[in-house]
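Asks: The structure follows.
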C-alpha cells in the first residue's frame, strides 16, 4: 500500500483524510498505522536558526573559545532538550542529542527563542534575518 500524507490545514482536507481512512481495508494481513503529528521545522525557521547561530558564533566567546555555528547548534539543542553527556570512547564527552532537522515547528520556535534570550543576555546584535525569529514568536506563539 502506498503511503499517503495529508497536511491538515482546513476542514476539507480533514474530511478527505477521514474518507481515506474509512476506505482502508479492515482485514489486512499487515497492520496499518495512522499518525497525526505536528509538522517538522519550516525552511524559513531553518534559515533563521542558522542566521541566529552565525550571529552568536561571531560575537560570543564561550569559556575562552570561539565556537562555530555547528557547535553552538549542539549547545543550544542540548540545552533545549535537557540532553545528557556521556564519556567518549577516546576521552572527552559526547552529547546525546536530537537532530534539529527532526524538530517540530514548535520545538524549533523554542530553540530560536532560547538562542535570542541567550544572545540578549550577552549583548549579541542579531542580524535582520535572525531578528525575524522574534517576529515569528510574536505572530505565531505556541501555535506555530
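Asks: Would you check which residues across the range 2-17 are part of a helix (DSSP H, G or I) and surrounded by 11 or more Cβ atoms within 10 Å (Cβ to Cβ) and list them?
Replies: Result: 13, 14, 16, 17.
Asks: For the range 55-144, which helices (runs of 4 or more DSSP H) that fit wholly inside it have 1 or more residues that are surrounded by 14 or more Cβ atoms within 10 Å (Cβ to Cβ) and at pLDDT 85 or above?
Replies: Where helices (runs of 4 or more DSSP H) fall fully within the range 55-144 and carry at least 1 residues being surrounded by 14 or more Cβ atoms within 10 Å (Cβ to Cβ) and at pLDDT 85 or above, they are 69-81, 105-121.
Asks: Taking the condition surrounded by 14 or more Cβ atoms within 10 Å (Cβ to Cβ), touching a residue at least 60 places away in the same chain (Cβ under 8 Å) and part of a helix (DSSP H, G or I), does residue 52 pass?
Replies: So residue 52 passes the test.
Asks: Let me ask something else. Within the set of pairs 6+ apart or on separate chains, which have a first residue in the range 94-108 that is free of Cβ contacts under 8 Å to residues at least 24 places away in the same chain, a second that is surrounded by 14 or more Cβ atoms within 10 Å (Cβ to Cβ) and assigned to a helix (DSSP H, G or I), and C-beta atoms under 8 Å apart?
Replies: Matching pairs, first to second residue: 95/74; 95/78; 97/74; 97/77; 97/78; 97/81; 98/77; 98/81.
Asks: Return a yes/no flag: does the range 24-44 have any residue that is under 17 Å from the mean Cα position of the chain (by Cα) and buried (at least 16 other Cβ atoms within 10 Å of the Cβ).
Replies: Scanning the range 24-44, I find at least one residue that is under 17 Å from the mean Cα position of the chain (by Cα) and buried (at least 16 other Cβ atoms within 10 Å of the Cβ), so the answer is yes.
Asks: Could I ask something else about it? Could you say whether any residue in the range 24-33 is modelled with pLDDT under 95 and outside any loop (DSSP other than H, G, I, E, B)?
Replies: Looking for residues that are modelled with pLDDT under 95 and outside any loop (DSSP other than H, G, I, E, B), one finds none in the range 24-33, hence no.
The values are calculated or read from the model by the stated rules, or taken from the named source; none is laboratory data. From a predicted model like this one, the values you see are computed outputs, not experimental measurements. Because the Cβ atoms are built from the backbone with ideal geometry, glycine has one as well, and the counts that use them run over all protein chains shown.
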